[in-house]
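The next block holds one structure in the form of structure tokens; read it before the comments.
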Amino acid sequence: MPAIEKDRGKKKRAAAVAEKASPILTVATPKASKKGSSVLREDCYRILDEHDKANPKEDPNLSPEVLLKMYRGMAFVRAFDERGMMLQRQGRIGFYVPSFGQEAIQIGTASAYTNDDFVFPSYREPGIFLYRGADLFEMICNLYGNSGDVCRGRQMPVHYSFADIKMFSVSSPIATQVIQAVGAAMAFKIRKENSVAVAYCGDGGTSENDFHSGLTFGGAYQAPVVFVVTNNQYAISVPVCKQTAARRIADKGAGYGIPSIAVDGNDVLAVHKVMSEAVARARAGEGPTLLECVTFRMGPHSSSDDPSRYRDEKLYEAWKKRDPILRFRQYLSDRKLWNDKKEEQLQAEMKAQIAEAIERAEKLPPPSTDSIFEDVYAEPTPQLKEQQKQLRAEEALRGKFENSSEAFPL
Ligand SMILES: Cc1ncc(C[n+]2csc(CCOP(=O)(O)OP(=O)(O)O)c2C)c(N)n1
Ligand SMILES: [Mg+2]
């Protein structure tokens, strides 16, 4: 079983966690970088070994239907990210944030909770939106900020908002979603509801005050929340070894009495298993769990970033061999659940589906300038009415306002 500490009473909890949990913090040290060695160490919970063979004692033996749904989810977010980056490079959208290499964390966790649970994502979890059934076309409308966008072009691209599938809106300020998730979880507990809240943030996010406030309250109130930290080794250009003096991110849970574990974030079965256990603990009233999912950000921080300026290419090469999708594909092929032909079909199908949604989205006009004045007040104030009148007069004089330079800072 994964090494998440069971709740053995308040006295023993902190000591037990400190001793047994959280097997790893991998640090992108310059030394590791020079050697080009993989920074993933052996003491991380995993099910797939270095030859992608599953440890039979740990294999959760999921049904073929679930396994294939997970594989499709991982493949789909990769295809979506590839297309998103391409659209930005072609100048068709202004900004994109890819999640290359982090597919197993997104799908391994999302497949472990239910539609009644609430998700508080960071900006690097498009796969969770897709896996939970967000409308692909509407997601693409967000990228264009057009009139089909739920937020009417008022958000940055990749800041999706899908309340109907219990996904909180993505917001840029780091780790704000951690306290929001804890607040929601505290409410579930008070109302005796069965839902669990899941908060995602990055390694950099764990330096934010919101992370500490969230863990303080989550631990003290034993709220039904799971904290998922994606340790992708970097916060933009800052490697995790400069981010914290902690030996491992998972160690941070102990200070709040929160059982914690580090898991191989490129092993979807391992992520699914520890997440299932963490969700079950939360639902059973046993309080929060902190997961450190160890991975590597295979792409740039965003379409505005160039990692070659601060990151050794050898690190990338080392992690490429641990591609979570290829590892999982190998596992499925060994079980005769997947083959090259199925892969070819899936790739063609996904590409067509994404291309069709893009085509439709590109036909939509931008949101009307009138929409600027809507959604804040039920009845527009006299000042707003006046401003709207002025804008209309300007437009009559100079024509509709064109898009700005579409440059994004981050
Ligand atoms: C409160 C706050 N501070 C700084 C920033 C600028 N910023 C944007 S992304 C980022 C790095 C976050 O790194 P990490 O939490 O590891 O997540 P990752 O980008 O690796 O997924 C920073 C510092 C911000 N958006 N919000
Ligand atoms: Mg990071």
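The values are calculated or read from the model by the stated rules, or taken from the named source; none is laboratory data. The shown structure was predicted, so the numbers you read here are calculated from the model rather than taken from an experiment. Counting neighbours? That spans all protein chains shown, and the Cβs are built from the backbone with ideal geometry, glycine included.
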Open item on the list: Given (1) within 16 Å of ligand 2 (Cβ to nearest atom); (2) under 26 Å from P307 (Cα atoms); (3) not aromatic (F, W, Y), identify the lone condition not met by V178.
Closed with: (2)
Task: Lone unmet requirement of (1) at pLDDT below 90; (2) surrounded by 13 or more Cβ atoms within 10 Å (Cβ to Cβ); (3) touching an Asp or Glu at 6+ places or on another chain (Cβ under 9 Å) for Y45 - done: (1)
Task: The lone exception for V268 - which of (1) β-branched (V, I, T); (2) surrounded by fewer than 19 Cβ atoms within 10 Å (Cβ to Cβ); (3) more than 13 Å from ligand 1 (Cβ to nearest atom) it fails - done: (2)
Open item on the list: What pairs come out if I take residues in region 208-232 that are closer than 14 Å to D251 by Cα and within 16 Å of ligand 2 (Cβ to nearest atom) and pair them with residues that are of a type in the set (S, T, Y) and assigned to a helix (DSSP H, G or I) whose C-beta lies under 8 Å away, six or more apart or interchain?
Closed with: V228/T109; V229/T206
- [ ] Consider T206 carefully, then state whether it is hydroxyl-bearing (S, T, Y), more than 27 Å from N61 (Cα to Cα) and out of contact with any Leu (no Cβ under 7 Å at 6 or more places or on another chain).
- [x] yes
Task: Residues being surrounded by fewer than 24 Cβ atoms within 10 Å (Cβ to Cβ) and under 30 Å from K53 (Cβ atoms) - total across region 274-298 - done: 6
- [ ] Considering only residues that are in contact with a Lys or Arg (Cβ under 9 Å, 6 or more places away or on another chain) and within 30 Å of A245 (Cα to Cα), look in region 185-207 and name the one that is farthest from ligand 2 (Cβ to nearest atom).
- [x] Y200
Open item on the list: Please go through region 344-373 and give me each residue that is without any contact (Cβ under 8 Å) to a residue 60 or more places away in the chain and surrounded by 12 or more Cβ atoms within 10 Å (Cβ to Cβ), ordered by number.
Closed with: E349, E356, T369, I372, F373
- [ ] Go through the residues of region 351-371 one by one and say whether even a single one is at pLDDT below 95 and over 25 Å from Q88 (Cα atoms).
- [x] yes
Task: The lone exception for A280 - which of (1) more than 25 Å from S213 (Cβ to Cβ); (2) away from ligand 1 (no atom under 16 Å from the Cβ); (3) under 20 Å from the mean Cα position of the chain (by Cα); (4) of a type outside the set (S, T, N, Q) it fails - done: (3)
Open item on the list: Testing S171 on (1) surrounded by 20 or more Cβ atoms within 10 Å (Cβ to Cβ); (2) within 16 Å of ligand 1 (Cβ to nearest atom); (3) not aromatic (F, W, Y), one condition comes back false. Which one is that?
Closed with: (1)
Open item on the list: When you scan region 245-259, do you find a residue that is among the β-branched types (V, I, T) and in a loop (DSSP other than H, G, I, E, B), even just one?
Closed with: yes
Open item on the list: Of everything in region 208-232, what is near ligand 1 (Cβ under 8 Å from one of its atoms) and either surrounded by fewer than 19 Cβ atoms within 10 Å (Cβ to Cβ) or of a type in the set (A, V, I, L, M) (or both)? Give them in sequence order.
Closed with: E208
Task: Residues that are free of Cβ contacts under 8 Å to residues at least 12 places away in the same chain and not small (G, A, S), drawn from region 155-173 - done: D164, P173
Task: Where E125 falls short, out of the listed (1) free of Cβ contacts under 8 Å to residues at least 60 places away in the same chain; (2) of a type in the set (D, E, K, R); (3) within 29 Å of Q233 (Cα to Cα) - done: (1)
Open item on the list: Conditions first: (1) of a type in the set (S, T, N, Q); (2) within 16 Å of ligand 1 (Cβ to nearest atom); (3) out of contact with any Asp or Glu (no Cβ under 9 Å at 6 or more places or on another chain). Q243 passes all but one, so which condition is the exception?
Closed with: (3)
